[in-house]
Amino acid sequence: MAEVNLLDRYPKAKRDISSRAAAVPMQREVAKRFGREYFDGDRGQGYGGYRYDGRWVPIAQRMRDFFGLAPGDRILDIGCAKGFLVHDFRQVVTGVHVAGLEISEYAVHHAMDDVRPLLVIGSADDLPFPDDAFDLVVSINTVHNLEYARCVNAIREMERVSRRFKYLQVDSWLNEEQRQNFERWQLTAVTYSDPDGWRKVFAAAGYTGDYYWTLTE
Ligand SMILES: C[S@@+](CC[C@H](N)C(=O)[O-])C[C@H]1O[C@@H](n2cnc3c(N)ncnc32)[C@H](O)[C@@H]1O
């Protein structure tokens with residue numbers, strides 16, 4: 001298990017915390033439905049337009065190189081939204097088999113045409129896949145949306161369905177300013193912690209994969 005930032009080539013966009021300053025409980029409730037408002041509504045309650053722009057290509061390349069992915073390998077992205085990373089894995093690793101798991105029917109129905117058949121609607125804590133079904137299981141900014149016991153189960157599920165590699169990225173903070181920014185920015189997270197707390201969650205789940213943090217600068 002290693003702490004490694006495999007999203008270091010993800011574009012650094014400073015989060016406009018002020019756009020969430022007026023977020024009220026009602027907006028958080030709307031965001032937690034993970035419907036149109038969350039993905040393609042205004043920035044105050046989600047992404048403000050979740051559109052493909054190729055930003056996941058260098059991440060897929062980074063993971064390909066780090067894990068030594070090869071033709072025939074099977075990859076799962078949990079909380080895949082509209083399947084952008086699923087799409088990009090297929091572009092950068094020839095002959096790879098990729099699947100996505102996502103709770104949002106809206107996201108899956110608005111997924112890219114070529115990946116929609118590869119996406120399954122379901123919840124991270126109850127994966128509809130057999131043990132050891134994948135070579136790499138990835139989950140980025142997703143498991144914090146489940147309350148503690150289900151979050152632990154979701155991480156345990158990653159462990160169960162992967163026969164080799166796992167990569168988990170969750171919201172966290174490395175200093176007080178980042179913690180405050182996170183609290184003001186986040187809409188949907190219910191399980192979150194500093195890195196030490198997350199490592200305890202990983203241990204409770206028996207997680208053996210790699211991980212890193214999404215930091216709100
Ligand atoms: C912050 S988005 C991250 C999307 C994508 N992984 C990315 O990094 O761009 C969180 C995603 O988790 C999904 N999600 C929330 N709860 C979930 C659950 N219980 N099981 C699976 N996906 C879930 C949401 O619908 C959303 O697509």
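Quick notes on this structure:
- Look at (1) open to solvent by less than 20 Å² (accessible area, probe 1.4 Å); (2) within 24 Å of GLU37 (Cβ to Cβ); (3) part of a helix (DSSP H, G or I) and you find that LYS82 fails only one, number (3).
- Selection within the range 170-184 - under 22 Å from CYS80 (Cβ atoms) and open to solvent by 10 Å² or more (accessible area, probe 1.4 Å): ASP171
- Among all positions in the range 58-73, there is at least one residue which is without any contact (Cβ under 8 Å) to a residue 60 or more places away in the chain and either within 22 Å of ASN145 (Cβ to Cβ) or in contact with a Phe, Trp or Tyr (Cβ under 7 Å, 6 or more places away or on another chain) (or both).
- Selection count, the range 40-85, where residues are out of contact with any strand residue (DSSP E or B) (no Cβ under 7 Å at 6 or more places or on another chain) and on the phi > 0 side of the Ramachandran plot: 6
- Taking the criterion of being crowded, with 18+ Cβ neighbours inside 10 Å and either touching a His at 6+ places or on another chain (Cβ under 7 Å) or under 20 Å from VAL161 (Cα atoms) (or both), the residues of the range 110-124 that qualify are VAL115, LEU118, LEU119, SER123, ALA124.
- Pair list, Cβ < 9 Å and 6+ apart or interchain, from the range 9-38 residues that are closer than 18 Å to ALA107 by Cβ to residues that are of a type in the set (D, E, K, R) and modelled with pLDDT of 90 or more: VAL30/GLU37; ALA31/GLU37; PHE34/GLU102; PHE34/GLU105; GLY35/GLU105; TYR38/LYS32
- Output for the range 85-113, where each listed residue is more than 21 Å from PHE34 (Cα to Cα) and either in contact with a helix residue (DSSP H, G or I) (Cβ under 8 Å, 6 or more places away or on another chain) or hydrophobic (A, V, I, L, M, F, W, C) (or both): ASP88, PHE89, GLN91, VAL92, VAL93, VAL96, VAL98
- Considering residues of the range 87-109 that are away from the ligand (no atom under 11 Å from the Cβ) and in a loop (DSSP other than H, G, I, E, B) only, the residue most open to solvent (accessible area, probe 1.4 Å): THR94
- LEU76 under 16 Å from the mean Cα position of the chain (by Cα), closer than 22 Å to ASP40 by Cβ, at pLDDT 95 or above and open to solvent by less than 10 Å² (accessible area, probe 1.4 Å): no
- Qualifying residue in the range 38-55 (condition: within 13 Å of the ligand (Cβ to nearest atom), modelled with pLDDT of 95 or more, crowded, with 18+ Cβ neighbours inside 10 Å and more than 21 Å from TRP185 (Cα to Cα)): no
- Given (1) more than 14 Å from the ligand (Cβ to nearest atom); (2) touching a helix residue (DSSP H, G or I) at 6+ places or on another chain (Cβ under 9 Å); (3) open to solvent by 70 Å² or more (accessible area, probe 1.4 Å), number of the condition PRO25 does not satisfy: (2)
- Here PRO58, PRO71 are screened, and the one residue that is open to solvent by 10 Å² or more (accessible area, probe 1.4 Å) and either part of a helix (DSSP H, G or I) or closer than 25 Å to TRP185 by Cβ (or both) is PRO58.
- Residue that is most open to solvent (accessible area, probe 1.4 Å), among those in the range 125-134 that are over 16 Å from the mean Cα position of the chain (by Cα) and within 12 Å of ALA99 (Cβ to Cβ): PRO128
The values are calculated or read from the model by the stated rules, or taken from the named source; none is laboratory data. On a predicted model such as this, the values are computed, not experimentally measured, just so you know. Here Cβ is always computed from backbone atoms with ideal geometry, including for glycine, and neighbour counts include all displayed protein chains. For the accessible areas, the whole protein counts, side chains as well, though only heavy atoms, and no ligand, DNA or RNA atoms are used. Shrake-Rupley method; radii C 1.70, N 1.55, O 1.52, S 1.80 Å.
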